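Below: one structure, written as C-alpha cells.
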Amino acid sequence: MTHTTKTVLHVDDDPSQFPIVAALLEKRGYQVHTTDSPDDVESALLRTGARIVLLDIDMPGKDGLTLLKEIKQNDGGIQVIMVTGMVTMATILRAMRWGAEACIFKPITDPTALLEALDATEAKIRRWWRAVEELTQQRRGLEQRIEATG
C-alpha cells in the first residue's frame with residue numbers, strides 16, 4: 001500500500017499567493033493544486049487525493065475555520081495547515097482546537113515555518129499509514145491462523 005503525502009491543496013481567496021507558495025513547494029518535490037473557492041475544496045480533495053491542505057482563514061462566504069471543521073468531519077486524516085494574515089490568539093487557538101496542524105502567517109517572507117510544518121505533517125501521515133498497514137498485516141496473520149486451525 002503506497003501513499004503519497006507530497007500532494008498539497010492550497011486554498012486562498014487571493015490567487016496572488018498561489019505562485020509564491022507553489023514555487024517554494026515544487027522545489028521540494030510537492031505537487032501543488034490550488035483553488036480560490038472554498039466551495040470547491042471537497043471536490044478538489046477528491047480529485048487530487050491531497051492529504052495536506054494549506055488553508056487561508058479570512059475568505060468571503062465560507063471562512064477557513066468553518067472549512068477546517070468540515071474537512072476534519074469528512075476525513076480526519078487530512079492534515080490542515082492554516083496560512084493566514086488574520087492574527088489573533090483566539091483564532092489561532094480555535095484553529096488548533098479544531099484540528100489544524102499549524103498556523104503560518106502571511107506574508108510568507110521566511111519559508112522556514114511553513115517547511116517545518118509540512119515536514120512534521122508528512123511524518124505524522126507516514127506514521128499513521130505504517131500503523132494501518134501493520135494492523136492490516138496482523139489481522140491477515142490472525143485470519144490465516146484461524147483458518148489453519150479451523
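The values are calculated or read from the model by the stated rules, or taken from the named source; none is laboratory data. Since the structure is predicted, the reported quantities are computational estimates derived from the model, not experimental observations. FYI the Cβ positions are ideal-geometry reconstructions off the backbone, even for glycines, and counts take in every protein chain you see.
Tell me, which residue of the range 106-138 that is more than 26 Å from Gln73 (Cβ to Cβ) and among the hydrophobic types (A, V, I, L, M, F, W, C) is modelled with the lowest pLDDT? Residue satisfying both the conditions and the ranking: Ile108.
Each row is one residue, and each column tells you yes or no for (1) closer than 21 Å to Phe105 by Cβ; (2) within 13 Å of the chain's Cα centre (by Cα); (3) not polar (S, T, N, Q).
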residue: Gln17; (1), (2), (3): yes, no, no
residue: Ala22; (1), (2), (3): yes, no, yes
residue: Glu26; (1), (2), (3): no, no, yes
residue: Ile57; (1), (2), (3): yes, no, yes
residue: Asp63; (1), (2), (3): yes, no, yes
residue: Lys72; (1), (2), (3): no, yes, yes
residue: Ile81; (1), (2), (3): yes, yes, yes
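Among the residues of this structure, Glu143 does not count as one that is in a helix (DSSP H, G or I), in contact (Cβ under 8 Å) with a residue 24 or more places away in the chain and of a type in the set (Asp, Glu). The number of residues in the range 113-131 that are in contact (Cβ under 8 Å) with a residue 24 or more places away in the chain and farther than 13 Å from Val83 by Cα comes to 7. I'm trying to understand the selection: among the residues of the range 67-91, which are within 18 Å of Asp14 (Cα to Cα), hydrophobic (A, V, I, L, M, F, W, C) and modelled with pLDDT under 95? Val83, Met86, Val87, listed by residue number. Residues in the range 81-138 that are among the hydroxyl-bearing types (Ser, Thr, Tyr), under 24 Å from Pro19 (Cβ atoms) and either in contact with a Cys (Cβ under 9 Å, 6 or more places away or on another chain) or surrounded by 14 or more Cβ atoms within 10 Å (Cβ to Cβ) (or both): Thr84, Thr121. Taking the range 14-112 and the helices (runs of 4 or more DSSP H) fully enclosed by it, the elements with 1 or more residues that are in contact (Cβ under 8 Å) with a residue 40 or more places away in the chain, of a type outside the set (Gly, Ala, Ser) and over 21 Å from Arg126 (Cα atoms) are at 17-26, 64-74. The set of residues from the range 29-73 being surrounded by 14 or more Cβ atoms within 10 Å (Cβ to Cβ) and at positive phi is empty. Can we say Leu9 is surrounded by 14 or more Cβ atoms within 10 Å (Cβ to Cβ) and either within 30 Å of Gln137 (Cβ to Cβ) or at pLDDT below 95 (or both)? Here the answer is no, as Leu9 does not meet what is asked.
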